[in-house]
1. Just checking, does region 145-152 include any residue being closer than 15 Å to LEU61 by Cα, more than 12 Å from the chain's Cα centre (by Cα) and surrounded by fewer than 17 Cβ atoms within 10 Å (Cβ to Cβ)?
2. Criterion first (of a type outside the set (Val, Ile, Thr), touching a His at 6+ places or on another chain (Cβ under 6 Å) and within 17 Å of ILE119 (Cβ to Cβ)) does LEU104 satisfy it?
3. Do you know which residues across region 81-98 are closer than 13 Å to VAL138 by Cα and among the acidic types (Asp, Glu)?
4. Take the residues of region 71-114 that are touching a residue at least 24 places away in the same chain (Cβ under 8 Å), assigned to a loop (DSSP other than H, G, I, E, B) and β-branched (Val, Ile, Thr): which is surrounded by the fewest Cβ atoms within 10 Å (Cβ to Cβ)?
5. Looking at region 47-61, can you tell me whether even one residue there is part of a strand (DSSP E or B) and under 15 Å from the mean Cα position of the chain (by Cα)?
6. Could you tell me whether region 122-134 includes any residue that is touching a strand residue (DSSP E or B) at 6+ places or on another chain (Cβ under 9 Å), in contact (Cβ under 8 Å) with a residue 12 or more places away in the chain, farther than 16 Å from ARG62 by Cα and assigned to a strand (DSSP E or B)?
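Nothing in this text is a laboratory measurement; each read-out follows from the coordinates by a stated rule. Please read all numbers here as calculations on a predicted model, not as lab measurements. All Cβ positions, glycine included, derive from the backbone under ideal geometry; neighbour counts span all protein chains shown.
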Amino acid sequence: MKKTSVRSLAFGALAFVAGAATMHLAQPAAAAAPPLTAAAIDLSALQPSDLPTPNPASPTLRSRTLAVADGATAAVQIGTVVKHYHADANEIQIVVSGGGTEWLGTSQVALHPGMVLIIPNGTPHGGTTDPNVKIFSVKTPPQAPTDLHPLP
């Protein structure tokens, strides 16, 4: 192997390690999640009254976290949510019941039971139209309380 190829390979490896170390050090330390508890939850039986009262930032949405683990949270949501994005959290939504539409990026998608939405961080979503839509949501990493950015 030529000296320039070895130098390029070594420099590339060093740059990768430096970048990985920087990313690791830049991540804030998070407390470990408590151990999961085994549970069976019937999402189809949950009613809006079974969930906490809405947050003033999203007064037409009721949400309850069902599980918290290192690296992810799982929740159920009933109602409509304003169009928004999360800068740091990816989200996967599964429509349990109800329908309507929701923004996903720059287009609206029709919602129906069984529909799965993959929402990378930074992607505008929300603006659901059915006040009775029930969605199971997984966020990874867990969404920080300040990581909800409403959009017009």
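1. yes
2. When the stated conditions are applied, LEU104 passes them.
3. The one that is closer than 13 Å to VAL138 by Cα and among the acidic types (Asp, Glu): GLU91.
4. If we take residues in region 71-114 being touching a residue at least 24 places away in the same chain (Cβ under 8 Å), assigned to a loop (DSSP other than H, G, I, E, B) and β-branched (Val, Ile, Thr), then VAL82 is surrounded by the fewest Cβ atoms within 10 Å (Cβ to Cβ).
5. No, region 47-61 has no match at all.
6. The answer is yes, given that some residue of region 122-134 is touching a strand residue (DSSP E or B) at 6+ places or on another chain (Cβ under 9 Å), in contact (Cβ under 8 Å) with a residue 12 or more places away in the chain, farther than 16 Å from ARG62 by Cα and assigned to a strand (DSSP E or B).
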